[in-house]
Amino acid sequence: MTSPDFGAGSAADLPDYAPIPRSALGPALNEQGYYVGRVERNLYWVTDGTYQAAFLATRDGVVLFDAPPTIGGNLRRAVDEIAAANGVTNQVTHLVYSHHHDDHSGAASLFGGDIVRIGHDETRRLLLRDNSPARPAPEITFADRYTLQVGGERVELAWHGPNHSPDNIYIHFPDHDTLMFIDIVNAGWVPIYNTNLSDDVPGYMAAPAIALSYPWTHFISGHLGRLATRDDVAVHQAYIADIEASAKEALATVNPVPYFIKGGENAWAGVSGYLDEVTERTAAPIIAKYTGVLAAADIEIFTRTTSFAIMQSLRLDRGPSAPVHP
Ligand SMILES: [Zn+2]
């Protein structure tokens, strides 16, 4: 059997990046490859080191929040383990979708057809569009707010506009001092490509302030191995604010005209030369400043692509993109 050829690159070519600080990592995983921990009272979180989900173990049933496929069957094991230890039912009765993306919900169908699924109106529309049997569309949907009450527990779901995705919601546990809000802040780590693969850049940039407007101590961010704190959100905000300031300066400093003159009739050559230079000037000081502060800041393409996305949003969403021709 020959191994598939994926081209010139291979895992062996992965550069030696800076070591990840212990503070960016979470608790050790068990033999099955997961960790389940109490957030507060009967609210628990589960991680495989890269993804996170949560559940409430109530007297009337378990309410699951997201079902990442990488955790998959370990969600069932985590629920069983906690239910047995606390003498409560392990029956999953409800599933809340944070948003429609498969990487946070692709194990939803493991919990059977009888459970109540809840999500934003847009989550339902997008899951029906994507027609994936792994992620049945929610039957209970809402536009702005929904209060979920199960087994004497209360969870406040809210939508405050598009950000990472059109349907990404804030999941507040007022009686557990916790906010779950997925794919915006990676606690202790930089966002991955393009503002953490976000659709709406102004919405992505504004979302952490909305998250901080809620009262909470514990933050379930959906990614990596530990819970987040309010300080983690503040460091993320500083990183994004620094990129915004750097992009503004680069846009004000780099003169596009020489690039377009050099490009001649190839207008796209001028565009590429100019925008690549603005991106490089935006990203370079941020990469230098945050290497050693946020894990993986030395994977330069993450900050470069996020810088590009924010710089484009400054031009296209906020404007002006160019002086008006006289
Ligand atoms: Zn997502």
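Here are some notes:
- Here the Kirkwood formula puts the hydrodynamic radius of the chain at 21.4 Å, using every distinct Cα pair.
- Length-normalised contact order for region 1-114 - Cα pairs under 8 Å, 6+ apart - percent: 20
- Long-range amide H partners of ARG117 with built H, under 5 Å: LEU95, GLU139, ILE140
- Point-charge dipole on Cβ atoms (K/R +1, D/E -1) for the chain, about Cα centre, debye to 20: 360
- Helical runs assigned H by DSSP (4 residues or longer) give the chain a calculated mean residue ellipticity at 222 nm of -11000 deg cm²/dmol, each run adding -39500 (n - 2.57) before division by the residue total.
- Gyration tensor verdict on region 129-185 (Cα atoms; rounded if a/c is under 1.5, prolate if a/b is larger than b/c, oblate otherwise): oblate
- Portion, in percent, of the accessible area of the chain that falls on carbon or sulfur, probe 1.4 Å: 55
- DSSP beta bridges fully contained in the chain are about 65 percent antiparallel.
- For region 216-256, the residues whose backbone nitrogen is under 20 Å from a point 7 Å from the Cα of LYS289, taken along Cα to Cβ, are 231-254.
- Here the dipole of region 2-90 is about 420 debye; that uses its Cα centre as origin and unit charges on the Cβ of Lys and Arg (positive) and Asp and Glu (negative).
- The order of the peptides 139-149, 100-110 by mean Cβ neighbours within 10 Å, most packed first, is 100-110, 139-149.
- Considering only alpha-carbon pairs that sit under 8 angstrom and 6 or more positions apart, the relative contact order computed for the chain is 15 percent.
- Protection proxy ranking of 50-57, 202-209, by the mean of other Cβ atoms within 10 Å over each peptide's residues and highest first, is 50-57, 202-209.
- Axis of helix 201-212 versus longest Cα principal axis of the chain: the two differ by about 50°, to the nearest ten degrees.
The values are calculated or read from the model by the stated rules, or taken from the named source; none is laboratory data. Keep in mind that this is a model prediction, so the values were computed, not measured. Reconstructed Cβ throughout: ideal geometry from the backbone, glycine too, with neighbour counts over all protein chains shown. All accessible areas refer to the heavy atoms of the entire protein, side chains included, with ligands and DNA or RNA removed. Shrake-Rupley method; radii C 1.70, N 1.55, O 1.52, S 1.80 Å.
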